[in-house]
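These notes are about the structure you will find just below.
Values quoted throughout were computed directly from the atomic coordinates according to the rules given, and no laboratory measurement underlies them. These numbers were taken from a predicted model, which means no experiment stands behind them. Because the Cβ atoms are built from the backbone with ideal geometry, glycine has one as well, and the counts that use them run over all protein chains shown.
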Amino acid sequence: MNAGRFAPSPSGDLHLGNLRTALLAWLFARSSGRDLLIRIEDLDLARVRPGAVEQQLTDLAALGLDWTGPVLTQSDRRDLYARVIDELTAAGETFECFCTRKEIAQAPSAPHAPPGAYPGTCRDLTPAERAHRRRDRPPALRLRARAGSFTVHDALHGEYTGDVDDFVLRRGDGTPAYNLAVVVDDAATGVDQVVRGDDLLSSAPRQAYLAQLLGYPIPEYAHVPMVVNADGVRLSKRDGAITLTQLADKGVDAAAVLSSMAVSLRLADPGASVTAADLLERFDPAALPREPWIFTAP
Ligand code: GLU
């Protein structure tokens, strides 16, 4: 199967930025003959809000978006992530890391390492050192990266080269890391097109590096512009009415939200009423605006 996907975290209602990304993921997938899958990224349980998944799906449907079911939930797939992590470990591609965030921030960076990269502190610990440090805290597991950077192709950004460091695959508390789960899930579910917010562009080289290491195909990417407030800052709760429920309370229904998103994507004229199906007919990835959409909440 060839598929695109939309992968929300169930930490609350989708806001206009998430909804516009979902619309774009649907348009990219459907206009290229792909299915759209929905994947709930709920591995970070502390951020999960009860009822969020149901509301998110209701909101996507209210915009006229549909998907090929069933909805996938990452917390159901822990065995799969564990198997892949074990495979990488057996192949010598991981190491245990005992560093706290503070220790990483304070460590001198390795020569030639990109700023913010893991400084390599635990990369070459001896078995005795590891045994000793395991008494302090359970280790995270990091990838033993063998490249400093990797290049991906993005439909909006062209060739994009970004840093690859020894990123975390499994946190100290046993939770599989986002970068690992995304790569495993995309490959396992036939996702060959990744459309998401451009705040994640810098993660794509790490994920693509891991995909090729695991022998998975590297998906096509399209990192789409964010929605920002009048100050150019990414939308947040403080900006007022930015979810479908909040906008409905202000008299702006889902159809009106879809229309304004269509205008922002240059797929409709202001005031025109449109359906998702209309937008699909008009969609041309090459003509998409490359700059953020400035939204002033009512
Ligand atoms: N779950 C991530 C988010 O909500 C998206 C991850 C992805 O699309 O790869 O920001």
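Restricting the trypsin sites (Lys or Arg not before Pro) of the stretch 217-293 to loop positions (DSSP other than H, G, I, E, B) with no more than 13 neighbouring Cβ atoms within 10 Å leaves Lys250, Arg266, Arg290.
Dipole of the stretch 1-135 computed with +1 at Lys/Arg Cβ and -1 at Asp/Glu Cβ about the Cα centre; of Leu72, Tyr118, Gly92, farthest Cα towards the positive end is Tyr118. If only the Cβ of Lys and Arg carry +1 and only the Cβ of Asp and Glu carry -1, the dipole of the stretch 144-274 around its Cα centre is close to 280 debye. A Förster distance of 45 Å, applied to the separation of the beta-carbon atoms of Thr275 and Arg171, puts the FRET efficiency at 0.60. Proximity of backbone amide H atoms, modeled 1.01 Å from N, is registered between Arg170 and Leu141, Ala177 at under 5 Å, excluding neighbours fewer than 5 places apart on the same chain. Spin-label model, Asp44/Val263: points 7 Å from Cα along the beta carbon direction are separated by 3.3 nm. Residue-wise HN-Hα couplings along the stretch 30-41, as the Karplus relation 6.51 cos²θ - 1.76 cosθ + 1.60 with θ = phi - 60° gives them from phi, are 5, 6, 10, x, 9, 7, 10, 9, 10, 10, 8, 9 Hz; Gly and Pro carry x. 3J(HN,Hα) along the stretch 218-226: 8, x, 6, 10, 9, 9, 9, x, 7 Hz, from the Karplus curve 6.51 cos²θ - 1.76 cosθ + 1.60 with θ = phi - 60°, whole Hz, x for Gly and Pro. For the chain, taking a cut-off of 4.7 Å between Cβ atoms, the unpaired cysteines are Cys99.
The distance between label points at Thr151 and Arg137 comes to 3.8 nm (points 7 Å beyond Cα on the Cα→Cβ vector). When each of the peptides 127-139, 90-102 is scored by the mean number of other C-beta atoms lying within 10 Å of its residues, the order from highest to lowest reads 90-102, 127-139. Once the Cβ-Cβ distance of Arg238 and Asp86 is raised to the sixth power relative to R0 = 30 Å, the FRET efficiency obtained is 0.10. Its Cα centre serving as origin, the chain has a Cβ charge dipole (Lys and Arg +1, Asp and Glu -1) of approximately 880 debye. What the Cβ-Cβ distance of Arg123 and Ser11 gives, at R0 = 25 Å and to the nearest 0.05, is a FRET efficiency of 0.15. Close amide H partners of Asp192, meaning residues 5 or more places away or on another chain with modelled amide H under 5 Å apart, are Ala3.
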